[in-house]
Amino acid sequence: MGSQREVHERPVPASVSGDPRERCAKAAALLEQDRPREALEAVGQANGMADWGYRLLSLAFERLGRDAEAVAAAEEAVRTAPGSWAARLRLGSALRRVPGRRWEAAAQADRAVGYAPEEPDPHVLAGDLALLRGEHREAEASYRAALRLADDHPLARVNLGLALLRWRPPRGHHDPAWPIDPHETGRARDAVEAWSRQVRVLLAVALAVAALLAFRTGLAGTAGAWGVAVLAGVPAITFRRGREVRFWRYVPRMLVRDPWLGVSVSAATLAVVAYVAAIATLPPVLAPAGTAWPVLAGFVLLNGAALPFLRVPARAWRGRPVRALAEFAAVPRDRTARRNVGAALWILTVRAWSALVVLLVAAALGAHWLALAAPAVPVALALARPKGTAAYCSDLALAADRLLVATRHLLTLASVALVAVAVVTLLGLPATTGGWGGWAWLACGVPLAVPAGALAVRAARARDHGGHDAPGPWCAALAMREGRGTRPPGDTRAPVVLDGDVRRALARSRGVVLAFADREGPRTLAAEVVGADGELRLAAPAEAWEAVGRDPRVAVFVTDPVERRFWAEVRGIAVGDAETGVLRLTPERILVPHHGRCRNRHRRHRHGATRTR
């Protein structure tokens, strides 16, 4: 299997003249081979290159991590060609990396979609920005629109799976609209989470020691004094961790955006209250059932273990993992897709495990007939396997993860044991520890306890590796796809230019016909050519300006008064320039006659686009 690089690399011109288009063509080839430094040298200072050169400069700067320069170059590209969807796409892509400017990026993506609804890349960028904001329905709609235009778009396919799974980025606590570096809010989140964890651990250990002193030695007074003394450690931890938070005004909003962070902080606060009450009511001997002290002590001692136990299943039951798995597996050669297949399989496994735990608890509470439904869980897990050629990717993920395979086998064993529990109960056999029922309960508990440990191990590995080497059993372990694989990025495409014949016709003609879409339907008006170089500038009536504001896609028809048989149609995007009072039209397609037939100067293919002159 060849690498993606071998698939989409194209030869770089050996030598480049001073012609700007040749320099840009070489830079575009170098960027496709991920050689941004050489691309910068090839582009030079973008003199005379119009928007194409600035777009290439912006992409090269972005890949080198120079985000501010990438935005500046992209803004220059938009200034040079305001009607270019590729320039808008490049600016939106550059702005998404700048803190506090995601809304501007979304606006540029929307304009790119409006300028070129037939191109997949603007839809993908709009979907990516919606996905990062947590607007999963909008993201799903954008990705599906892109796939209707280009079914082989790997970025749209993989990220559609993330939208179906209701994925949240690793920095889910951070709002892209905040004018602050995500690393700053990340440090604040880590400090808050560390405070919560350290306070809960401190109080749990202190209460355990106090209870041991009171119940074993009878020194209730000493135990109470110890508990009060340890309580002074809470302000010390709070002061230490509070110094690490530089932007306190964002912390309340972070707790809202990241529900589990809010739950962790709330649990720590409640643990302090429960600890104080438990120390104040510490009995000299273990309190009998029915008193409040065991409840308070149980909360202080067990909340730290209960939160992770609840967190993983709660995250796994988000979204539609079966449909997402099919989307991931449909791109078997994509590395990100293959990794996400493994994560989706783990998410489905967590769902199966939690369903069996619920059935086990229900059977233990007396609803033994529910255990008869246990075999449906592994059957559903097996049916979740993608169909057709996509199954190959799923099989590879299973073959490469022995821990996942072993966990799924244990779940099958647990389902069989649950059925045995139901059968034992229905037959009236003894359910004591030494009887058949006791063995059945043991056969249920062990196969479900071992997968819980496996899930904890995999979750820890995924967290330690940032989720890149070991897919974890939650949605945050998934990875967002970036880059377009074998498809050349739309923001590196060469612009359509007005060649000599069309320029001569525009220069000789005293007027042209401007066609646009009005409220009542298609309309045509006479317009005057002001200039025609990289773009076409027209002086048009006010009603044309109003129509262009609603739908900027227009067409200009021109005939050559000298060569009367020559005519041309220029289709493109018109943007009004209030400063100069003209419409600036960026060409997207040029049609000219050739021996009695129409010759297309911008020929499109369904997958990708090739411009011929």
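The values are calculated or read from the model by the stated rules, or taken from the named source; none is laboratory data. Computed from a predicted model, the values in this text were never measured in an experiment. Cβ coordinates were reconstructed from backbone atoms using ideal geometry, including for glycine residues, and neighbour counts include every protein chain displayed. SASA here: full protein model, heavy atoms, side chains in, ligands and nucleic acids out. Shrake-Rupley method; radii C 1.70, N 1.55, O 1.52, S 1.80 Å.
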Regarding region 574-592, can at least one residue be identified that is without any contact (Cβ under 8 Å) to a residue 24 or more places away in the chain and open to solvent by 40 Å² or more (accessible area, probe 1.4 Å)? yes
Output the number of the condition that Gly298 fails; it satisfies all remaining conditions of (1) closer than 30 Å to Val276 by Cα; (2) in contact (Cβ under 8 Å) with a residue 60 or more places away in the chain. (2)
Could you please tell me which pairs satisfy a Cβ distance under 6 Å, a separation of 6+ or placement on different chains, a first residue in region 184-210 that is without any contact (Cβ under 8 Å) to a residue 24 or more places away in the chain and of a type in the set (D, E, K, R), and a second residue that is surrounded by fewer than 22 Cβ atoms within 10 Å (Cβ to Cβ) and in a helix (DSSP H, G or I)? none
Scanning region 497-534 for residues that are in contact with a Lys or Arg (Cβ under 6 Å, 6 or more places away or on another chain) and within 26 Å of Glu22 (Cβ to Cβ), which turns out surrounded by the most Cβ atoms within 10 Å (Cβ to Cβ)? Ala532
Does any residue of region 441-463 turn out to be at pLDDT below 75 and either touching a strand residue (DSSP E or B) at 6+ places or on another chain (Cβ under 6 Å) or assigned to a loop (DSSP other than H, G, I, E, B) (or both)? no
From the option list Gly186, Gly221, Gly227, single residue qualifying as modelled with pLDDT under 85, over 29 Å from the mean Cα position of the chain (by Cα), surrounded by fewer than 18 Cβ atoms within 10 Å (Cβ to Cβ) and of a type outside the set (S, T, N, Q) is Gly221
Of all residues in region 371-414, which are among the polar types (S, T, N, Q), at pLDDT 80 or above and open to solvent by 50 Å² or more (accessible area, probe 1.4 Å)? Thr412
Can you find even one residue in region 109-130 that is modelled with pLDDT under 90 and either in contact with a Cys (Cβ under 7 Å, 6 or more places away or on another chain) or over 21 Å from Pro552 (Cβ atoms) (or both)? no
Candidates Leu203, Leu164, Leu160, filtered to the one that is open to solvent by less than 50 Å² (accessible area, probe 1.4 Å) and touching a Pro at 6+ places or on another chain (Cβ under 9 Å): Leu164
